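The block underneath contains the structure these notes are about, expressed in structure tokens.
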Amino acid sequence: MLGNTKGKLINKYVSDYVIYDLETTGISSNYDEVIEISAVKVRDGKIVEEFSKLVNPGRPIPHAASAVNNISDEMVVNAPSFREILPLFLDFIGNDVLAGHNIHSFDMKFLYRDCERYFHQTLSNDYVDTLKLARLCLPRLRHHRLGDVAGFYGISTAGAHRALADCRMNQQVYELLGKEINSVSAKMAKSRICPDCGQQLIRRNGRYGEFWGCTGYPECKHTEKI
């Protein structure tokens with residue numbers, strides 16, 4: 001949904017939401033373009049509808065990007081532009097809470113940029129970043145990439161790095177993380193507040209034992225000794 005203010009990042013489980021994922025020509029929201037956008041709509045924890053479109057970025061796709069997502073110039077040559085596809089995506093998501101893995105630092109930046117570029121408004125949907133939830137719920141897991149968390153839960157990673165496959169995988173991950181949230185929230189209620197960013201500190205395990213770490217990591221790297 002378009003509006004005048006950006007949606008909020010929320011660290012909780014909701015049963016109705018839209019998981020989405022972007023594939024792009026690179027990692028910069030200043031210079032790169034979307035080449036695929038996919039989403040799954042979820043009601044009561046179940047996928048009820050899917051959305052997936054290839055996008056012509058108006059430029060060659062770098063080899064490094066194609067090597068990751070397996071999307072070639074030939075695949076998108078006759079695809080619509082993102083200006084044509086973005087309104088369809090906005091209709092699909094409506095007012096739903098959005099969810100995705102690492103969307104706070106990556107995907108949301110592309111959506112904000114292009115909503116402002118094409119419509120002179122921003123995206124006002126609240127959103128959940130499952131990367132942040134995974135770090136909260138699974139602090140002992142060494143890495144928290146989507147494939148790592150899926151592997152921890154025994155979820156297949158077949159088709160990873162194509163947007164729709166990642167959405168389906170991410171939906172399963174979010175549902176399982178949702179079951180972890182209550183116990184984590186109870187622990188967070190006993191935690192401290194970060195003096196740098198105002199988010200909560202929780203107990204984490206490190207090389208030298210337990211410490212207080214900010215839930216805003218990696219943007220905020222504040223730590224305290226226990």
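Quick check on my filter: what residues within the range 121-174 are outside any helix (DSSP H, G or I) and basic (Lys, Arg)?
Hits for the range 121-174 are 140, 142, 145, 162.
Out of the residues in the range 207-226 meeting the condition of being small (Gly, Ala, Ser) and surrounded by 10 or more Cβ atoms within 10 Å (Cβ to Cβ), tell me which one is farthest from residue 141 (Cα to Cα).
Within the range 207-226, the match that is farthest from residue 141 (Cα to Cα) is 216.
Residue check: is residue 56 assigned by TED's automatic domain parsing to the domain that holds residue 136, closer than 24 Å to residue 11 by Cβ and of a type in the set (S, T, N, Q)?
So residue 56 fails the test.
Give me the pairs: first residue in the range 69-92 and assigned by TED's automatic domain parsing to the domain that holds residue 117, second residue at pLDDT 95 or above and part of a helix (DSSP H, G or I), beta-carbon distance under 7 Å, and six or more apart or on different chains, which are they?
Pairs that qualify, where the first residue is assigned by TED's automatic domain parsing to the domain that holds residue 117 and the partner is at pLDDT 95 or above and part of a helix (DSSP H, G or I), are 72/66; 82/114; 83/118; 86/114; 86/118.
Quick check on my filter: what residues within the range 33-49 are surrounded by 14 or more Cβ atoms within 10 Å (Cβ to Cβ) and under 22 Å from residue 168 (Cα atoms)?
Those that are surrounded by 14 or more Cβ atoms within 10 Å (Cβ to Cβ) and under 22 Å from residue 168 (Cα atoms): 34, 35, 36, 37, 38, 39, 40, 41, 42, 45, 47.
Residues checked against (1) without any contact (Cβ under 8 Å) to a residue 40 or more places away in the chain; (2) surrounded by fewer than 20 Cβ atoms within 10 Å (Cβ to Cβ); (3) not acidic (Asp, Glu):
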| residue | (1), (2), (3) |
| --- | --- |
| 130 | no, no, yes |
| 140 | no, yes, yes |
| 150 | yes, no, yes |
| 154 | yes, yes, yes |
| 157 | yes, yes, yes |
| 163 | no, no, yes |
| 166 | no, no, no |
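Under 6 Å between Cβ atoms, which residue pairs at least 6 apart in sequence (or on different chains) link something in the range 1-24 that is in contact (Cβ under 8 Å) with a residue 24 or more places away in the chain and assigned by TED's automatic domain parsing to the domain that holds residue 108 with a partner that is exposed (fewer than 15 other Cβ atoms within 10 Å of the Cβ) and assigned to a strand (DSSP E or B)?
16/43
Evaluate the range 33-51: report whether one residue or more is touching a residue at least 60 places away in the same chain (Cβ under 8 Å), outside any strand (DSSP E or B) and in contact with a Leu (Cβ under 8 Å, 6 or more places away or on another chain).
no
It is to be established whether one or more residues within the range 79-91 are modelled with pLDDT under 95 and not acidic (Asp, Glu).
No, the range 79-91 contains no residue that is modelled with pLDDT under 95 and not acidic (Asp, Glu).
Among the numbered criteria (1) within 19 Å of the chain's Cα centre (by Cα); (2) surrounded by fewer than 19 Cβ atoms within 10 Å (Cβ to Cβ), which single criterion is violated by residue 74?
Unmet condition: (1).
Tell me, yes or no, whether the range 5-13 has at least one residue that is more than 22 Å from residue 120 (Cβ to Cβ), of a type in the set (S, T, N, Q) and modelled with pLDDT of 95 or more.
no
When you scan the range 51-63, do you find a residue that is modelled with pLDDT of 95 or more and within 17 Å of the chain's Cα centre (by Cα), even just one?
yes
Pick from 182, 170: which is of a type outside the set (Phe, Trp, Tyr), modelled with pLDDT under 80 and within 18 Å of residue 45 (Cβ to Cβ)?
182
So, in the range 14-32, exactly how many residues are surrounded by fewer than 20 Cβ atoms within 10 Å (Cβ to Cβ) and in contact with a Gly (Cβ under 8 Å, 6 or more places away or on another chain)?
Going through the range 14-32 one residue at a time, the tally reaches 2.
Only residues that are outside any helix (DSSP H, G or I), touching a residue at least 24 places away in the same chain (Cβ under 8 Å) and of a type outside the set (A, V, I, L, M): list them for the range 93-120, please.
94, 95, 96, 100, 101, 102, 104, 105, 106
The values are calculated or read from the model by the stated rules, or taken from the named source; none is laboratory data. For clarity, every value in this text was computed on a predicted model and none was experimentally measured. Every residue, glycine among them, receives a Cβ derived from its backbone with ideal geometry; neighbour counts consider all protein chains shown.
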